[in-house]
1. Compute a Gaussian network model of the chain, connecting alpha carbons closer than 10 Å, and tell me which residue from Ile52, Ile30, Ile13 fluctuates the most.
2. What nm value, rounded to one decimal, do you get for the distance between Ser62 and Gln49 when each label is placed 7 Å out toward the C-beta?
3. Given Cβ point charges of +1 (Lys, Arg) and -1 (Asp, Glu) and nothing else, what value in debye, to the nearest 20, does the dipole of the chain about its Cα centre take?
4. For Asp44, Asp35, what's the largest-to-smallest order of accessible area, 1.4 Å probe?
5. Taking the chain as the reference, fit the longest principal axis to its C-alpha atoms, fit the long axis of helix 46-58 to the helix C-alpha atoms, and give the angle between the two in degrees, 0 to 90, nearest 10.
6. Take every DSSP beta bridge whose two residues both sit in the stretch 26-69, then give the antiparallel share in percent to the nearest 5.
7. Expressed as a whole percentage, what fraction of the accessible surface of the chain belongs to carbon and sulfur atoms when a 1.4 Å probe is rolled over the protein heavy atoms?
8. Rounded to whole Hz and in sequence order, give me ³J(HN,Hα) for the stretch 13-26 from the Karplus expression 6.51 cos²θ - 1.76 cosθ + 1.60, θ = phi - 60°, writing x for Gly and Pro.
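The values are calculated or read from the model by the stated rules, or taken from the named source; none is laboratory data. These numbers were taken from a predicted model, which means no experiment stands behind them. Note that each Cβ is placed from the backbone with ideal geometry, even for glycine, and that neighbours are counted across all protein chains shown. In case anyone asks, the SASA skips ligands and DNA or RNA and just uses the protein heavy atoms, side chains included. Shrake-Rupley method; radii C 1.70, N 1.55, O 1.52, S 1.80 Å.
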Amino acid sequence: MELRSMLFKHGSITVASFVCNSFSENTYVIAHGNDAWLVDPGCDSQEEQQEIVKYLAQHTLSVQAIVLT
């Protein structure tokens, strides 16, 4: 899995994009302050899950919601 560059940053809102699984699904972490929303988590391996958890921990983020589209 790869972490793409920050897609958007405006004030205290940031959006990070991850590419997951063999279908190259995009997963997004939208953060405001220490709150985060996880959008379309398409992880199919523990390694992919750990990359997102690591990103959340590095940025001291707490997931408030998981959004599926």
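1. The residue that fluctuates most here is Ile13.
2. Result: 2.2 nm between the two label points.
3. Dipole of the chain, to the nearest 20 debye: 300 debye.
4. Accessible-area ranking of Asp44, Asp35, largest first: Asp44, Asp35.
5. Computed tilt is about 10 degrees.
6. 50
7. With neighbouring chains kept in place, the figure for the chain is 53 percent.
8. 9, 10, 10, 10, 10, 10, 9, 10, 6, 5, 8, 6, 6, 8
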